[in-house]
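Everything below concerns the one structure shown next.
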C-alpha cells in the first residue's frame with residue numbers, strides 16, 4: 001500500500017530519511033567551517049595565496065583567482081578559468097579557508113590534467129539540465145492522458161528517465177569532489193601550507209563538505225526509487 005490515511009508512504013520510507021541526512025549535512029558543514037575558521041594558521045597564508053601555490057605546484061597557469069561575495073560560495077568556473085573564493089576564504093588565514101581554497105584549486109588542476117570524471121561531468125551538464133526541466137512535465141503529461149494507453153504512460157517513464165539523468169550527474173560528482181579534496185590535502189602537506197595539527201582542521205572541513213554531496217546523491221536516488229515504486233506498481237495494477 002503506497003498511501004496510508006492519505007499520506008504518501010513512499011515519501012516517508014525513501015525520501016524523508018535522505019532529506020534529514022541532507023539537512024544535517026548542510027548544518028554540519030556550516031558549523032564545521034565556522035569552528036575551523038577561528039583556527040588561524042601558523043604561517044598566515046591566505047586562501048588566495050594557498051590556491052595559487054597549489055596551481056603553481058602542479059604547473060597550472062592562466063587561472064585567475066577572484067573574490068566573490070557570500071558564504072561558502074567558493075567554486076571553480078571552467079568556462080572563464082577562474083577560481084572564485086568567498087569573503088570568508090579569499091584573504092582569510094584560517095585552516096578552514098586554506099582547505100576550501102586548495103579544494104577549488106584542485107578542481108582547476110583536474111581540468112588542466114584532463115581528469116576523466118570532471119570532463120564527463122562537464123559533458124553531461126547540458127543534457128542533465130534539459131532532463132531535469134522535462135522530468136516532471138512529462139510525468140504530469142503522462143498522468144493527464146493515461147487512460148490505460150501504453151503511449152500515454154510512456155510519457156511517465158520518459159519523465160522518470162529524464163530524472164535519472166540528474167542521478168547520474170550526482171553519481172559522477174562524487175569522485176570529482178573526493179578527488180579534489182584529496183588533491184587539496186596532498187598539496188597542503190607537500191607544500192607545508194599547514195602544520196600537521198592544522199591539517200586536521202582543513203581535513204574535517206573538507207570531509208564535512210563532501211558529506212553534503214553524498215547526501216544530495218542519496219536524495220536523488222531516493223526520489224528516483226520512489227518514482228519507480230509508485231508508477232511501476234501502478235502500471236502493474238493496470
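The values are calculated or read from the model by the stated rules, or taken from the named source; none is laboratory data. Because the structure is a prediction, the values reported are computed rather than measured. Every residue, glycine among them, receives a Cβ derived from its backbone with ideal geometry; neighbour counts consider all protein chains shown.
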Inset, instruction - Filter segment 110-146 down to residues that are within 25 Å of residue 175 (Cβ to Cβ) and without any contact (Cβ under 8 Å) to a residue 40 or more places away in the chain, then give me how many there are. - result: 12
Inset, instruction - Just name the residue that is nearest to residue 37 (Cα to Cα) out of those in segment 185-197 that are more than 25 Å from the chain's Cα centre (by Cα) and in a helix (DSSP H, G or I). - result: 197
Legend entry - Top-ranked residue in segment 229-238 [being assigned to a helix (DSSP H, G or I) and surrounded by fewer than 16 Cβ atoms within 10 Å (Cβ to Cβ); ranked as modelled with the highest pLDDT]: 229
Inset, instruction - Report whether or not residue 107 is within 16 Å of residue 199 (Cα to Cα) and either touching a strand residue (DSSP E or B) at 6+ places or on another chain (Cβ under 8 Å) or touching a residue at least 60 places away in the same chain (Cβ under 8 Å) (or both). - result: no
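Please go through segment 61-71 and pick out each residue that is surrounded by fewer than 17 Cβ atoms within 10 Å (Cβ to Cβ) and not in a strand (DSSP E or B).
As a first pass, look at segment 61-71 and keep what is surrounded by fewer than 17 Cβ atoms within 10 Å (Cβ to Cβ): 61-62, 64, 66-71.
Within segment 61-71, 61, 62, 69, 70, 71 qualify.
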Legend entry - Subset of segment 35-60 [in contact (Cβ under 8 Å) with a residue 12 or more places away in the chain and in a helix (DSSP H, G or I)]: 35, 36, 47, 48, 50, 51, 52, 53, 54, 55, 57
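Counting just the residues of segment 141-164 that are closer than 14 Å to residue 230 by Cα and modelled with pLDDT of 75 or more, which one comes out surrounded by the fewest Cβ atoms within 10 Å (Cβ to Cβ)?
Taking segment 141-164 and keeping what is closer than 14 Å to residue 230 by Cα, we get 142-143, 153, 156-157, 159-160.
Pick out the ones that are also modelled with pLDDT of 75 or more and you get 156-157, 159-160.
On the way: 156: 23, 157: 17, 159: 23, 160: 20.
Taking the candidates together, the pick is 157.
Assess whether residue 96 counts as being part of a loop (DSSP other than H, G, I, E, B) and modelled with pLDDT of 95 or more.
Here the answer is no, as residue 96 does not meet what is asked.
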Inset, instruction - Would you tally the residues in segment 90-120 being farther than 18 Å from residue 50 by Cβ and surrounded by fewer than 22 Cβ atoms within 10 Å (Cβ to Cβ)? - result: 8
Legend entry - Counted residues, segment 121-140 - those being buried (at least 17 other Cβ atoms within 10 Å of the Cβ) and at pLDDT 90 or above: 1
Inset, instruction - Scan segment 202-232 for residues that are over 17 Å from the mean Cα position of the chain (by Cα) and over 26 Å from residue 46 (Cβ atoms) and report the count. - result: 9
Inset, instruction - Report yes if some residue within segment 153-168 is in a helix (DSSP H, G or I), more than 25 Å from the chain's Cα centre (by Cα) and farther than 23 Å from residue 10 by Cβ; otherwise report no. - result: no
Inset, instruction - Would you check if there is a residue in segment 77-86 being in contact with a helix residue (DSSP H, G or I) (Cβ under 9 Å, 6 or more places away or on another chain), at pLDDT below 90, outside any helix (DSSP H, G or I) and over 25 Å from residue 221 (Cα atoms)? - result: no
